[in-house]
Amino acid sequence: MNREFASNAVLIVVLNLAVKSFYLFGIDRTVQNILPPGDYGLFFTLFNFAFLFQIIADLGLQSFNVRNLAQSRQLLQKYFPHLLGLKLLLGIGFLVFTSAVGYWWGFRSATAWYLLLAIACNQLLQTLILFLRSNLAGLGLYRLDSWVSILDKSLLVILGSILLWTPGLREHFTLWWFVGAQAAAYVLTVSLLLIYLHPRLERLQIRFQRATAFSLLRASAPFALVIFLMTAYTRLDAIMIEKILPNGTTEAGLYASAFRLLDASNIAGYLLAGLLLPMFARQLKEGLPVVALTRLAITTIWAGAITLAISVFWFATPIMRSLYTTGDAYSGEILRWLMLTFIPMSGGYVYGSLLAANGNLRPMNSLFAISLLVNAGLNALLIPSYGAPGAAIATLVTQSLAFTAQLLLAQRLLHLPTAPGLVLRFAALAAILASAGYYLQLPTLAWPWLTKWLICLGIGAAAAIGLRLIDLKNWLGWLPKFKSL
């Protein structure tokens, strides 16, 4: 399983970093730079607002389907038509609920309300893509799922590039063009996935039977609550920024510009979590030990996360200035705290996937409910005094507490051994990077900031290998497997 994880992890991470990084920094960043600051700030606020309720369109069906198919792959034909019918019904409920609550919350102007509805439609399409992809992962088609994971963003990169860089179009570009391009990419992706899945089914049809629907909802409800609570305490900050601060949309735009880098960093962690869930579920179903796969996943993810987060911490301001027309020391401060959040978030992907695969959803729900309350309280306390950087600090504290709790919960419920030696090696890596970054960022060292940042990343990579967090011998042994990908 370690070989399977490693080979597919490399494929999915390389593909997604290439495509989604270009989307985030080539398309999404360009959209923010050419639009008025308040416009993108409104889009980011509405996106996060709709994202809070996106779980209504899924109610845990995706995670339930992955775990179920990974354990019993013959269930595809039995449940797919019922799950698809239920998804469509839930999607309608999501659109009605989000638009109604948005109007009540204060998005009552025609521009804001219609934009919220359009964003919600796109998010509904995204949940449908993830549901269709869950059938690939559940069936063990990890390599195909890796390629499909970049399909929607690849199409969006093509459409966005045409709109942003075709002479005569860029000058007239609006936020609605961006939302429309997203919709077109998602509809095409859904269509292609349905075409692929069709031969694996007796026939592609939609069924809705009340008894079956209720049975599926009861089974998926715990997954739904986990996803909702996790989403809420990671997306609440932008909404509270817009609501609390007098210049809320502008501050939300600055927060969005820094959050984009955290989002890009999280690509690898999020994708590896999607890869780990069916693998953990299959191992646990067959009574196989999960310690080796867990150790490989956390060392791989944290070697990269600690290196990237601490390196960005020291050079946050020049990074923001180089990326955005509004980049300055203030936005650099937001990025500094947000990037440190990447460390506990990436660790949570590993242990959260393990707990979900083991069916420990009730304690996870209690944990995330507490995290939501902590995050809301910290945001209410810090945003009025510190603005968007206060929200970033609240996110860092919340994610750190949530990860620690998930780690302790996994150790207790799955009897995972403690690894003080591994903790010391992670601490050593962080100390080396902190020292190197502090020295490199000194103005007395008259090198370009990009050179110094790349050196810091190189030091982190070398230290991770030297501390045997990345075992080159094992990874090189897996290289023959990569040739067949």
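No value in this document is a laboratory result; all are computed from the given coordinates. These figures come from a predicted structure and were not determined experimentally. Because the Cβ atoms are built from the backbone with ideal geometry, glycine has one as well, and the counts that use them run over all protein chains shown.
Only counting other Cβ atoms within 10 Å, I'd like 456, 121 sorted with the fewest neighbours first. Mind dumping the intermediate values first?
Working: 456 25, 121 20.
Final ranking by Cβ density, sparse to dense: 121, 456.
If the reach is capped at under 20 angstrom between alpha carbons, list the aspartates and glutamates near residue 285, excluding any in the same chain fewer than eight residues apart.
4
Can you run phi through the Karplus equation (6.51, -1.76, 1.60; θ = phi - 60°) for the range 234-242 and list ³J(HN,Hα) in whole Hz, with x for Gly and Pro?
Ordered by residue, 3J(HN,Hα) equals 9, 10, 5, 4, 4, 5, 5, 4, 5 Hz.
In straight Cα distance, which aspartates and glutamates are under 17 Å from residue 153, not counting same-chain residues fewer than 8 positions off?
28, 145, 263
May I ask you to derive the relative contact order of the chain, considering only C-alpha pairs under 8 Å and at least 6 residues apart, and to give it as an integer percent?
21
Give me P(r) over the range 313-377, computed from all C-alpha to C-alpha distances, binned every 5 Å, as integer percentages.
Result, from short to long distances: 4, 15, 15, 16, 13, 12, 11, 9, 5, 0 percent.
Using 10 Å bins from zero, what percent of all Cα-Cα pairs in the chain falls into each bin?
Calculated P(r), rounded to whole percents: 4, 19, 31, 29, 15, 3, 0, 0.
On a full-extension model of 0.36 nm per residue, what is the gain between residue 166 and residue 328, subtracting their alpha-carbon distance, rounded to one decimal in nm?
Fully extending the segment from residue 166 to residue 328 adds 55.3 nm.
Using only Cα atoms, locate the centre of the range 97-132 and the centre of the range 379-400, then give the distance between them in Å, rounded to an integer.
With the range 97-132 and the range 379-400 each reduced to a Cα centre, they are spaced 26 Å.
Residue separation times 0.36 nm, minus the C-alpha to C-alpha distance between residue 468 and residue 111: what's the value?
Separation in residues times 0.36 nm, less the Cα-Cα distance, equals 123.1 nm.
Using a cut-off of 13 Å between alpha-carbon atoms, which aspartates and glutamates can reach residue 243, once sequence neighbours fewer than 8 places away in the same chain are excluded?
Output for residue 243: 251.
Once fully extended, how much extra length lies between residue 374 and residue 214, figured as 0.36 nm per residue of separation less the alpha-carbon to alpha-carbon distance? Don't jump to the answer; show the numbers that get you there.
Working: separation 160, 0.36 × 160 = 57.60 nm, distance 3.28 nm.
Here the answer is 54.3 nm.
I'd like the FRET efficiency for residue 33 and residue 286, computed as 1/(1 + (r/R0)^6) with the beta carbon distance as r and R0 of 35 Å, rounded to 0.05.
The calculated FRET efficiency here is 0.10.
With θ taken as phi - 60° and the coefficients 6.51, -1.76 and 1.60, list the Karplus ³J(HN,Hα) couplings across the range 337-349 in order, rounded to whole Hz; mark glycine and proline as x.
Calculated HN-Hα couplings, in order: 6, 5, 5, 5, 4, 4, 5, x, 4, 5, x, x, 4 Hz.
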